[in-house]
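In what follows, a single structure is set out as structure tokens and then discussed.
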Amino acid sequence: MPPTGFSASKIRAVIFAAGSDGDIHPHLGLASELAARGHEVLFLTSFDYLDLARSCGFEALSIIDADEKAHFESATGFNPIRKIRSRSAFFSRKVSAICEFVASRLDKHSILISPPFASPIAKLLHLRYRVPYVSTVLSPANLCSLRNPPAFKSGEWFSSLPSPARRLLFRGTESLIIDPGFRWLLRDLLRTMRVPPPHRVLSEWCHSPQKILGLFAEWFCPRAQDWPPQLVLTGFPLFHPSVGEEELSADLEYFLNAGPPPVVFTAGTETRTVQNFFDTALRAAQSLGLRAVFLSRLGDQLPVLPATIHYESYASLQLLLPRTAAIVHHGGIGTAAQAMHAGIPQLIFPGRLDQFDNAQHIEKLGCGLGEKNLRDNASATEKLGRLLRSPEIAHACQTLRDRMAPGPRACSRATDVIEDLWHSTHLARHAPSSSIQSIAS
């Protein structure tokens with residue numbers, strides 16, 4: 001039962017968020033808007049984002065601690081079979097533990113909000129306890145489309161296949177490999193929770209059947225005909241921390257004021273090896289005679305820097321980018337959105353997952369270029385010079401800046417969808433058959 005004084009219209013939002021700044025900040029934006037509307041928020045994230053989440057004024061708990069993260073990453077040195085076994089065992093234990101914990105915190109006022117990484121947890125809880133569930137996707141590549149397949153590393157061959165061949169290959173892989181794999185990983189938990197085994201995990205099961213929030217703008221990627229009908233695009237929910245990170249450092253301010261706008265180079269907060277990226281960045285900046293800002297929490301991997309390049313472990317892109325000439329980055333959707341908001345050109349070195357697809361969309365919009373070969377110094381230098389000189393690219397960047405809705409507006413739209421879903425299912429959740437109990441009970 002909800003605590004005394006808990007309003008019948010008040011939501012208890014359980015929000016999952018882990019990964020990089022670009023993964024977590026949008027969900028902090030949603031959580032902050034929900035809290036501002038008087039709803040209760042439980043923010044489940046990794047240990048290194050707890051202080052930031054708690055500074056926003058709502059409850060935050062870690063679902064991945066430092067030891068678990070270190071253990072998981074230690075599997076990178078294993079042989080492939082051992083790596084699969086180690087990570088499979090970790091996944092199974094972790095999903096079970098989180099499901100049990102979250103179930104103990106659910107009641108009839110709860111709603112689950114989850115990106116793809118936590119979708120098995122949210123989907124199992126939704127199926128078992130009939131809790132409303134909203135999926136979030138930060139970039140178009142998180143959505144399955146066989147008519148307009150997203151671009152992935154070494155995946156051009158798949159897009160070049162005829163549509164029937166793509167469909168046959170995808171369905172075969174999903175039904176023969178992906179679905180059985182998930183059923184094996186979750187076999188004990190499926191029995192405990194009395195939930196039917198998943199089918200079509202990638203194309204259907206991983207997303208909410210009720211509502212999917214696409215946290216990007218439709219002009220960034222036009223809607224594919226085979227995207228799920230329950231998808232709502234709300235725009236980029238840009239989030240700016242208001243406590244402790246609202247100002248640039250004094251050294252960075254001094255550097256920015258000491259000369260022409262620099263170019264920002266960042267390899268992303270989740271990248272673990274940045275030496276090649278910043279070696280190429282240094283050569284490009286020196287070849288073009290540019291001032292630059294290097295951003296990385298892995299400062300020990302950076303080369304020796306001249307006075308024309310300033311190093312910071314972290315800086316708010318929302319404050320920094322409007323004062324710069326361009327950005328060179330890894331292709332994360334959060335960084336790309338901040339660059340579009342600032343109206344500056346982008347050179348993208350995609351490395352994994354959705355970054356190749358994001359780079360492709362940026363190129364199509366005319367506000368940046370992609371470069372797949374991080375070691376091709378000549379190409380990187382030529383493309384960066386072209387970005388800085390081209391009036392057509394500058395015009396495209398200004399056009400996109402004008403099209404970018406403010407982050408609070410996108411957060412408000414997304415929160416409207418969350419509230420509408422919760423209210424539409426409120427009566428059903430209060431029926432006797434929908435009572436929520438702990439898994440442990």
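Values computed for the structure shown
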| read-out | value |
| --- | --- |
| Failed criterion for residue 62 (all others in (1) within 30 Å of residue 423 (Cβ to Cβ); (2) at pLDDT 90 or above; (3) outside any helix (DSSP H, G or I) hold) | (1) |
| Among (1) part of a loop (DSSP other than H, G, I, E, B); (2) under 26 Å from residue 367 (Cβ atoms); (3) at pLDDT below 95 - the single one residue 242 does not satisfy | (2) |
| Segment 255-275 residues that are surrounded by 14 or more Cβ atoms within 10 Å (Cβ to Cβ), paired with ones that are modelled with pLDDT of 95 or more and among the hydroxyl-bearing types (Ser, Thr, Tyr) (beta carbon under 6 Å, 6 or more apart) | 261/324; 262/324; 264/324 |
| Matching entry among 202, 252 (being at pLDDT 95 or above and either closer than 30 Å to residue 130 by Cα or surrounded by 17 or more Cβ atoms within 10 Å (Cβ to Cβ) (or both)) | 252 |
| Selection within segment 94-146 - more than 17 Å from residue 41 (Cα to Cα), outside any helix (DSSP H, G or I) and charged (D, E, K, R) | 130 |
| Lone unmet requirement of (1) out of contact with any helix residue (DSSP H, G or I) (no Cβ under 8 Å at 6 or more places or on another chain); (2) in a helix (DSSP H, G or I) for residue 260 | (2) |
| Count of segment 147-165 residues which are in a loop (DSSP other than H, G, I, E, B) and surrounded by fewer than 20 Cβ atoms within 10 Å (Cβ to Cβ) | 8 |
| Residue list for segment 201-216, restricted to those being touching a helix residue (DSSP H, G or I) at 6+ places or on another chain (Cβ under 9 Å) and hydrophobic (A, V, I, L, M, F, W, C) | 201, 202, 205, 206, 213, 215, 216 |
| Filter pass, residue 380 being at pLDDT 90 or above, in contact with an Asp or Glu (Cβ under 8 Å, 6 or more places away or on another chain), buried (at least 21 other Cβ atoms within 10 Å of the Cβ) and in the same structural domain as residue 325 (by TED's automatic domain parsing) | yes |
| Within segment 17-50, tally of residues that are in a strand (DSSP E or B) and surrounded by fewer than 23 Cβ atoms within 10 Å (Cβ to Cβ) | 3 |
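Each row is one residue, and each column tells you yes or no for (1) closer than 30 Å to residue 150 by Cβ; (2) among the β-branched types (Val, Ile, Thr).
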site: 249; (1), (2): no, no
site: 257; (1), (2): no, no
site: 270; (1), (2): yes, no
site: 275; (1), (2): yes, no
site: 279; (1), (2): yes, no
site: 308; (1), (2): no, yes
site: 330; (1), (2): yes, no
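The values are calculated or read from the model by the stated rules, or taken from the named source; none is laboratory data. This is a predicted model, so every value here is computed, not measured. FYI the Cβ positions are ideal-geometry reconstructions off the backbone, even for glycines, and counts take in every protein chain you see.
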